[in-house]
Each structure stands twice: as structure tokens, then as C-alpha cells.
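**Student:** Mind looking over this structure? Questions follow.
The values are calculated or read from the model by the stated rules, or taken from the named source; none is laboratory data. Keep in mind the model is a prediction, meaning the values are calculated, not measured. Counting neighbours? That spans all protein chains shown, and the Cβs are built from the backbone with ideal geometry, glycine included. For the accessible areas, the whole protein counts, side chains as well, though only heavy atoms, and no ligand, DNA or RNA atoms are used. Shrake-Rupley method; radii C 1.70, N 1.55, O 1.52, S 1.80 Å.
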Amino acid sequence: MLIEILQIGKNIKKLRKQNGLSQDRFSKADDISYNNVIKLDSGGITNFSIDTLQKLAKTFDVFVNNLLK
């Protein structure tokens, strides 16, 4: 299960980079603290609420399940 959760962070980082967003720009665009973006990228956040996943998915214009793959 932890591996799957770490994959979410990797997917978010991949989508962020594909969309040409720096960590700073992403934090401002999605109203997430810069420190939390760093934690997302490194897999340091392991508890995602549905609301957070929906917000992130909306930012990248993907479905939530794209973050979970």
C-alpha cells in the first residue's frame, strides 16, 4: 500500500513537469504551500484526502485515477 501512495507523488511530479510548472508556480497555481509541493515530489506526503486528489486532478485536467496509476 505504501508503494502505491508513493506512486501518487511520482505521478504528481511527472504531471507537474509535463505541464512546465516549477514547484513554486505549481504551489501558487494550486494554492498549496511550497513545502508541501516539495513533500509531494519526494513522496513525503502519504495521506491524501479525496478533496486534495480532486483538486490536483483538476489542476492537471486529468481524472483522479490518473494520479493513482
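**Student:** Can you list residue pairs whose Cβ atoms sit under 6 Å apart, with the first residue in segment 58-69 being over 12 Å from ASP30 (Cβ atoms) and the second being exposed (fewer than 12 other Cβ atoms within 10 Å of the Cβ)? Count only pairs 6 or more apart in sequence or on different chains.
**Tutor:** Note: no pairs meet the criteria.
**Student:** Now for a separate question. Since ASN65 meets every condition but one in (1) modelled with pLDDT of 85 or more; (2) surrounded by 13 or more Cβ atoms within 10 Å (Cβ to Cβ); (3) assigned to a helix (DSSP H, G or I), which condition does it not meet?
**Tutor:** (2) is the only condition that ASN65 fails.
**Student:** Residues of segment 37-54 being in a helix (DSSP H, G or I) and either open to solvent by 90 Å² or more (accessible area, probe 1.4 Å) or polar (S, T, N, Q) (or both), which ones?
**Tutor:** Scanning segment 37-54 gives LYS39, SER42, ILE50, ASP51, THR52, GLN54.
**Student:** Go through the residues of segment 16-36 one by one and say whether even a single one is open to solvent by less than 30 Å² (accessible area, probe 1.4 Å), touching a Gly at 6+ places or on another chain (Cβ under 7 Å) and not in a helix (DSSP H, G or I).
**Tutor:** For segment 16-36, residues open to solvent by less than 30 Å² (accessible area, probe 1.4 Å), touching a Gly at 6+ places or on another chain (Cβ under 7 Å) and not in a helix (DSSP H, G or I): absent.
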